[in-house]
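This report concerns only the one structure given below.
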Amino acid sequence: MIVMAVPTVRSQPAAAHHIIFDTDFALPPQDDGLALAFALNSPELDIVGITTVAGNYNLARANADVLRMLEIATRGDVKVYGGARRPLAHEKDTFATSHYGKWWSDDPAPAPPGGFAKKALEPMPAAEFMARTVMARPGQIEILAIGPLTNVATAIQQQPAFARAVKRIMIMGGAIASLPDGGGNITPNAEFNFWVDPEAARIVLRSGIPIVLSPLNVSVRTSFDRESFRALTASVTPITRLIDAQMRPRYESNPDFHPHMYDEVAAASLVDPTLVKTKRMVVDVDATHGINYGVSVGGAEVWPGAEGARTIDVQYDIDNARFMRLFVERVAK
Ligand code: RIB
Ligand code: CA
């Protein structure tokens, strides 16, 4: 019997996650930039669009930096949609502007390394893009939300059918005081993304969309140590060259430099959920103006005052060594 050789066609494995990457972007060393480097190099993640929001810096900088990063990564195929310039209700005050209020500025963006990208933003606003994309593919699209939740809350408010059609949101945000390492990073108990737009965070957490929360409790158990930096920059690609140029001076000038990973954990735990431990909790956010503005609270069940809050998945521990190995392996590719 003659056995005929059947030609095999090598195709890319289908991506497991079709994601909208919603970000208060800035280039590395900012965590959003490192998270995008990871996501672009992860075949499990199909980025159907990037939406920007003011947070770490203002919207102009988020747009300029993300367009430049895509150009450096030669990923001009990924479209970028400009989002919210301001939170839903958070008012300008002296604490916000003196502590971390760069999002209030209407200054033009500084030129990113290598200059502004040739690629431009898409004309559609971010919230409209989110709603249209999700509703065109109900139950298929996930949102990786790693900045203030203003765009997602706006999509929920503008399109009643949107929340039912989202497959899931992975959120970097909040700090859960009832779990270990639950302190805040902008006020004693509030995490930055939730504090910038507590009203939006509350709308999203109460929307009924399936949610995984990656709070500060896990971020503070991570560290981008020197060894990982060396391993990553030993491989020379356009992205690792950018990371090297942006981060080496910090490692060289500060022996204690080993930043926590925030948005990178959210992205990596989409690819490999076994990196983290997760528990079901009811989580809500305080949007009352006062000392607890933006504080997230988690409990085993609904408590008085939290009526209407939902049960979601909350990450509370991480295998940092395994996470960093995956991060380095992907970004160095
Ligand atoms: O608190 C950490 C979060 O705030 C990260 O998403 C960081 O990028 C900033 O948005
Ligand atoms: Ca972020």
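Key figures
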quantity	calculated
Among (1) within 16 Å of ligand 1 (Cβ to nearest atom); (2) touching a Lys or Arg at 6+ places or on another chain (Cβ under 6 Å); (3) not hydroxyl-bearing (Ser, Thr, Tyr) - the single one residue 173 does not satisfy	(2)
Residue 33 being modelled with pLDDT of 95 or more, within 13 Å of ligand 2 (Cβ to nearest atom) and either surrounded by fewer than 24 Cβ atoms within 10 Å (Cβ to Cβ) or of a type outside the set (S, T, N, Q) (or both)	yes
Yes/no for residue 236 being more than 30 Å from residue 158 (Cα to Cα), of a type outside the set (Phe, Trp, Tyr) and within 15 Å of ligand 2 (Cβ to nearest atom)	no
Selection within the stretch 181-224 - more than 24 Å from residue 164 (Cβ to Cβ), in a loop (DSSP other than H, G, I, E, B), β-branched (Val, Ile, Thr) and in contact with a helix residue (DSSP H, G or I) (Cβ under 7 Å, 6 or more places away or on another chain)	186, 187, 222
Selected residue (only one of 156, 171 is of a type outside the set (D, E, K, R), surrounded by fewer than 24 Cβ atoms within 10 Å (Cβ to Cβ) and within 23 Å of residue 81 (Cβ to Cβ))	156
Test: residue 245 is small (Gly, Ala, Ser), in a helix (DSSP H, G or I) and out of contact with any helix residue (DSSP H, G or I) (no Cβ under 9 Å at 6 or more places or on another chain)	yes
Within the stretch 139-168, tally of residues that are within 18 Å of residue 294 (Cβ to Cβ) and among the aliphatic types (A, V, I, L, M)	5
Scope the stretch 90-119; condition surrounded by 12 or more Cβ atoms within 10 Å (Cβ to Cβ), in a loop (DSSP other than H, G, I, E, B) and hydrophobic (A, V, I, L, M, F, W, C); matching residues	109, 116, 117
Meets criteria (within 16 Å of ligand 2 (Cβ to nearest atom), touching a residue at least 60 places away in the same chain (Cβ under 8 Å), among the hydrophobic types (A, V, I, L, M, F, W, C) and surrounded by 17 or more Cβ atoms within 10 Å (Cβ to Cβ)) for residue 200	yes
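The values are calculated or read from the model by the stated rules, or taken from the named source; none is laboratory data. This structure is a prediction, so every number in the text was calculated from the model and none was measured. All Cβ positions, even for glycine, are placed from backbone atoms using ideal geometry, and neighbour counts span all protein chains on display.
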